[in-house]
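Worksheet: the structure to be examined is printed underneath.
Laboratory data are not the source of any read-out in this text; all were calculated from the coordinates shown. The model shown is predicted, which means the values in this text are computed figures rather than measured ones. Positions of Cβ are backbone-derived with ideal geometry, glycine not excepted, and every protein chain shown enters the neighbour counts.
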Ligand code: UN1
């Protein structure tokens, strides 16, 4: 008997009003893991109602008390880390070491945002008139709609809901239809931590459910992480309704390796950034931009590394790389092998579905002879596929890095401090790494990308609060007379 997970609406666990469900599969075995509500616009409306009812109570709860609940979320997540990580591996495939890391990011974010309960810093500044005071405060906005992906099913939602909640907003969350079970386990943590009913609501479903959330007139903010195609549809729809939107979409991240690089360090970083999480991170390395001199040694080592990686069920010991998330992902990644061949790209290793009986496994793949502008060099593949582009100089490497439509993360391996600082200055991505792979961003710094990766907003760190707060500027005039700044400043100052 397959377990059924439920929506969490107004503090109770409920089925979809229609009773409809969808199945969530284990991508390593293709077995059905759970069923979950296929929520309609009615279910979304009920969740928005519950959130609306909870808003005033939550907004008026002092922020330090809201923070204490987030600290309890952190502690419960720590207690349940192993169980949630195992469930996550079963539901979306990445290996257990990585799913533990995913939960850890949410623990870190819960402590960080819990602490914001005693900060949420605004500021004061001097004002133009005598006996007058000015300050700027962060204010809550109301009902926030979250649409989140399957590849970081706890970490990415935590980057959105924790800042939204500490700022006094209420949340309706529509996670990916690939990960309803782990989403329900995460929502349960908030329930058990004592979050008041209706403050966080979970509705599972696919595109139509997300569409109902984005379209609902009472949802003032949409925060989306996922594919570029869906993200731009969300943006267009929400903009038409005058909503504030935060978007986190694709990446086409590169590691630059200069001739003077520490070779062993570069080999390890490239391997894990390109093939870790089966290449299914928006921060994954999908391009290696390598200087001529070091290329032969680096490429030989990478071929050996790629061949040595063990594919399998992410819960099994010794497995390095799990499956792709589903059949559609497998078809997409396989399709890029033909695109590469048609462009004359050489497949050095991999290039096909792995020969295992079940599961959506694809071999770690290296493309050589890739030229700038080719499709495999420009488009996000979201699989264990690395394109190698040869360059002559630092300037050329930076140029190649910057000429894709995405701008999430980039990295350079060099032992030359001048080259490193030039790269920091000239790489046009939201995240830059020196002598480190392109993955592994920490929650206390802004996360997000330039160009087509997003819409200029950032998640995490202090910047992460901007998505979920409005500034309220407050003036207090204690002069006891009419003072009009910008009209009679000179007159009043002349008098006093
Ligand atoms: C993502 O792939 O959507 O920097 C997020 C990293 C992780 C988060 C990735 N901390 O790779």
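Here are a few things to note about the model shown:
- Cα gyration tensor shape for segment 151-294, rounded if a/c is under 1.5, else prolate or oblate: prolate
- Binned Cα-Cα distances of segment 253-434, short to long, each 10 Å bin given as a whole percent: 10, 40, 35, 13, 1, 0
- Acute angle (nearest 10 degrees) that the helix 41-60 long axis makes with the longest principal axis of the chain, alpha-carbon atoms: 50
- This ranking places 105, 415 by how few other beta-carbon atoms lie within 10 Å of each, fewest first, which gives 415, 105.
- Spherically averaged projected area of segment 163-246 from its Cα convex hull (nm²): 5.6
- Counting DSSP beta bridges with both ends in segment 253-434, the antiparallel % (nearest 5): 15
- Peptides 143-152, 23-32 ranked from most to least packed give 143-152, 23-32, packing being the mean of other C-beta atoms within 10 angstrom over each peptide's residues.
- Protection proxy ranking of 387-399, 209-221, 158-170 - average other beta-carbon atoms within 10 Å, highest first: 158-170, 209-221, 387-399
- A prolate overall shape is assigned to segment 409-496, the ratio a/c of its alpha-carbon gyration tensor axes (a ≥ b ≥ c) being 1.5 or greater and a/b exceeding b/c.
- Axis of helix 327-342 versus longest Cα principal axis of the chain: the two differ by about 60°, to the nearest ten degrees.
- Modelled FRET efficiency - R0 35 Å, residue 487 with residue 444, Cβ distances, 0.05 increments: 0.20
- Our note on the geometry: Cα centres of segment 265-311 and segment 418-457, 19 Å apart.
- Helical mean residue ellipticity (222 nm; -39500 (n - 2.57) per DSSP H run of 4+; nearest 500) of the chain: -12000 deg cm²/dmol
- Cα-Cα P(r), the chain, percent of pairs per 20 Å interval: 23, 51, 22, 4, 0
- With the simple model of a label 7 Å out from the Cα in the direction of the Cβ, residue 316 to residue 479 spans 7.8 nm.
- Relative to the longest principal axis of the Cα atoms of the chain, helix 81-92 runs at roughly 60 degrees.
- Counting only DSSP beta bridges whose two residues both lie in the chain, roughly 40 percent are antiparallel.
- If you plug the beta carbon distance of residue 241 and residue 402 into 1/(1 + (r/R0)^6) with R0 = 35 Å, you get a FRET efficiency near 0.55.
- Contour minus Cα-Cα distance for residue 357 and residue 378 (0.36 nm per residue): 4.3 nm
- Divided by 2.2 N^0.38 Å, where N counts the residues, the Cα radius of gyration of segment 1-60 comes to 1.41.
- Restricting the calculation to Cα atoms, segment 111-218 yields a radius of gyration followed by a Dmax of 17.4, 60 Å.
- Longest to shortest principal axis, alpha-carbon extents of segment 394-452, angstrom: 28, 24, 16
- Principal axis box of segment 20-162, alpha-carbon based, largest edge first, Å: 72, 37, 23
- Counting neighbouring beta carbons within 10 Å and listing from fewest to most, the residues 482, 76, 288 come out as 482, 76, 288.
- Residue order, fewest to most surrounding Cβ atoms within 10 angstrom, among 224, 447: 447, 224
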